[in-house]
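Quick notes on the structure that follows.
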Amino acid sequence: MRMTLRSYMAQQGPDFNVLAGAGGVALGEARTNHEGRRAILLIRGNEDTTEFESLVKTMGITIVETVFQPGQPDVKGYFGIGRLQDIADELRLRVAGHPWQDIDLVLIHTNATPRQLVAVSDATNVEVWDRVRLLLSLFTAHANSLEARTQVRIARLQSDRTVLRELANQTTTGERAGYGGGGVTALQAVIANVNRELTSLRKRQIKHSKAQAERRRQRSRSGAVTVGIAGYTNAGKSSFFLKMSGKEVLVEDKLFSTLETTVGRLAASPRVLLADTIGFIDNLPNATLDAFRATLSEALECDMLLLLVDATDSLVEFDRKISATQREVNARYLGDETSSIDFNRKIMCVLTKVESLTVEQLAQKAAIVESYGYATPLGISVHQEIGLAKLQDSMLEHLFGHPVTIKLSWSDTGRNIAGYLSDVYQAGMVIDKREQENRDLLVTAWINQQSLARLVNNSGGRIEVK
Ligand SMILES: Nc1nc2c(ncn2[C@@H]2O[C@H](COP(=O)(O)OP(=O)(O)OP(=O)(O)O)[C@@H](O)[C@H]2O)c(=O)[nH]1
Ligand SMILES: [Mg+2]
């Protein structure tokens, strides 16, 4: 159900919808399910619409027609005034049987300015989404946890506020008539409400991220190491996480199935934690991305970062996604885009879904990865179980260096040797275990220096490094 500004003001409810026709803009934020909606898509120039269209498809929305105008976007209305008017007329005059008959959404193929959003909405009288609003609606539809809902809501309110400010601005300068009859004062009241809600949501978010940071500290104090799993949306992060940790997470052939960070243990080694997180996408405004900063940092502040890249994409798409991934990671993980930190040490690129690729295709993709300064990537397929063991070994080697062989001495007195053995299992990943004739145990394991030192120190001479 759509709400008018007045009913919003009356309810002071959390969801509001600034309606077209009331002198406002239809932003359609109240709905979370957009399945079955029908839209027209406006495009300028010769932009590639593949990703936009798959975002739309993910939400179950059908693009009935793509309307194209050559040339650069118009600053005021994205389309030129005349063309916009033509579309508006067509929409107004549609009768039964018209292909546009049940269209209730106009999509703009760009991150539009508030001014453009308002202009298209005013002209068409139909709900309008640009790329950011499309993503926000998608996030809203996929947000299941409290944390994800909070983040998405913050991002949405921030974005709405820019439109509300634009409306207030136009009303003040006399460019538009009063807003739902209420004028600037009514608008200011709405903006004030948005601000209030943002403040309280941010408090909740800060509390949550403090708790998260504390959990992270505890984990690392207990000797655990974390491997973050990052990458473009739909790269196969959750599938990999699920395979390696056995922990249930949502895997779907949808963009942005995952919106929060889930931490699980590497099945083969309890000391190694894996963190699955939200994917990246090109060209999201910083304000929107900032809402997800806390979640991302949960995965990106790690001992090692895996960057997963979908190897089934075309070379151009592959290049674009790895470039976007690197940009995000550099900005958010290294803190500085021009940072010259040797990130090969901590960051490993991994090609996913490689089962159907030829050797040549793989080599081409690997060359692109290398051109971004990463080491030669390993290829994996979670579906066909290709390359997983090798990747796991490589991860462990990155984390712990080479495997070490340690000797556990057998003794009739004191602690049972099985106790020491279980300590070793706890502290690292055992890859080989042999009993000597004198019943001593030779154990080869991946283990970090710190944990190893602790084991040796606490063993009263029963554990030795060979
Ligand atoms: N062919 C093939 N498809 C895979 C493989 N691994 C994952 N997929 C598919 O890729 C799609 C996306 O997988 P997810 O694991 O949800 O990807 P994600 O990176 O977590 O995606 P978001 O959370 O949406 O950003 C799903 O349809 C998976 O079945 C693989 O090894 N081979
Ligand atoms: Mg996922």
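Test Arg115 against the criterion of being closer than 26 Å to Val152 by Cβ, surrounded by fewer than 21 Cβ atoms within 10 Å (Cβ to Cβ), modelled with pLDDT of 90 or more and among the basic types (Lys, Arg), and give yes or no.
yes
Within region 104-134, how many residues are under 19 Å from Gly45 (Cβ atoms), of a type in the set (Val, Ile, Thr) and part of a helix (DSSP H, G or I)?
Count: 2.
Could you figure out which of (1) within 13 Å of ligand 1 (Cβ to nearest atom); (2) buried (at least 20 other Cβ atoms within 10 Å of the Cβ); (3) in a helix (DSSP H, G or I) isn't true of Lys243?
Condition not satisfied by Lys243: (2).
Given the residues Ser245, Ser238, Ser314, Ser257, which is the only one that is within 15 Å of ligand 2 (Cβ to nearest atom), within 18 Å of Leu351 (Cβ to Cβ) and among the polar types (S, T, N, Q)?
Being within 15 Å of ligand 2 (Cβ to nearest atom), within 18 Å of Leu351 (Cβ to Cβ) and among the polar types (S, T, N, Q) holds for just one of Ser245, Ser238, Ser314, Ser257, which is Ser238.
For Asn286, which of the numbered conditions (1) more than 9 Å from the chain's Cα centre (by Cα); (2) in contact (Cβ under 8 Å) with a residue 24 or more places away in the chain; (3) open to solvent by 10 Å² or more (accessible area, probe 1.4 Å) fails to hold?
For Asn286, the exception is condition (2).
Give region 135-173 a look and list any residue that's assigned to a loop (DSSP other than H, G, I, E, B) and in contact (Cβ under 8 Å) with a residue 24 or more places away in the chain, or say none.
The answer is Ala143, Asn144, Ser145.
Within region 352-374, does at least one residue satisfy the condition of being of a type in the set (Gly, Ala, Ser) and more than 30 Å from the chain's Cα centre (by Cα)?
So far as region 352-374 goes, no, none of its residues is of a type in the set (Gly, Ala, Ser) and more than 30 Å from the chain's Cα centre (by Cα).
For region 385-401, which positions are outside any loop (DSSP other than H, G, I, E, B) and open to solvent by 40 Å² or more (accessible area, probe 1.4 Å)? Talk me through it step by step, then tell me what you get.
Start the filter on region 385-401 by keeping residues that are outside any loop (DSSP other than H, G, I, E, B), which leaves 386, 388-400.
Those that are outside any loop (DSSP other than H, G, I, E, B) and open to solvent by 40 Å² or more (accessible area, probe 1.4 Å): Ile386, Ala389, Lys390, Asp393, Glu397, His398.
Table: residues versus (1) within 7 Å of ligand 1 (Cβ to nearest atom); (2) in contact with a helix residue (DSSP H, G or I) (Cβ under 9 Å, 6 or more places away or on another chain); (3) open to solvent by 10 Å² or more (accessible area, probe 1.4 Å); (4) of a type outside the set (Gly, Ala, Ser).
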{"site": "Gly231", "(1), (2), (3), (4)": "yes, yes, no, no"}
{"site": "Lys247", "(1), (2), (3), (4)": "no, yes, yes, yes"}
{"site": "Val251", "(1), (2), (3), (4)": "yes, yes, yes, yes"}
{"site": "Leu255", "(1), (2), (3), (4)": "yes, yes, yes, yes"}
{"site": "Glu260", "(1), (2), (3), (4)": "no, yes, yes, yes"}
{"site": "Arg265", "(1), (2), (3), (4)": "no, yes, yes, yes"}
{"site": "Ser269", "(1), (2), (3), (4)": "no, yes, no, no"}
{"site": "Phe280", "(1), (2), (3), (4)": "no, yes, no, yes"}
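Which of the strands (runs of 3 or more DSSP E) found entirely inside region 402-466 contain at least 1 residues meeting this: of a type in the set (Phe, Trp, Tyr)?
Filter on region 402-466 gives 441-446.
Looking only at region 359-384, count how many residues are in a loop (DSSP other than H, G, I, E, B), more than 16 Å from ligand 2 (Cβ to nearest atom) and in contact (Cβ under 8 Å) with a residue 60 or more places away in the chain. It would help to see each step written out before you state the result.
Quick first cut of region 359-384, residues in a loop (DSSP other than H, G, I, E, B) only: 372-377, 380, 382-384.
Cutting the leftovers down to more than 16 Å from ligand 2 (Cβ to nearest atom) gives us 372-377, 384.
Now narrow it down to the ones that are in contact (Cβ under 8 Å) with a residue 60 or more places away in the chain: 374, 377.
So the count comes out to 2.
Of all residues in region 289-299, which are surrounded by fewer than 20 Cβ atoms within 10 Å (Cβ to Cβ) and within 16 Å of ligand 1 (Cβ to nearest atom)?
Listed by number, the list holds a single entry, Leu289.
Given (1) open to solvent by less than 50 Å² (accessible area, probe 1.4 Å); (2) part of a helix (DSSP H, G or I); (3) more than 19 Å from Asn33 (Cα to Cα), where does Arg176 come up short, assuming only one miss?
(2)
Looking at (1) away from ligand 2 (no atom under 16 Å from the Cβ); (2) on the phi < 0 side of the Ramachandran plot; (3) over 11 Å from the mean Cα position of the chain (by Cα), which one does Arg293 not meet, given that it meets all the others?
(3)
The values are calculated or read from the model by the stated rules, or taken from the named source; none is laboratory data. None of these values were measured; they are calculated from a predicted model. When we count neighbours, we look across all protein chains shown, and the Cβ atoms used for this are built from the backbone with ideal geometry, even at glycine. Only protein heavy atoms, including side chains, enter the accessible area calculation; ligands, DNA and RNA are left aside. Shrake-Rupley method; radii C 1.70, N 1.55, O 1.52, S 1.80 Å.
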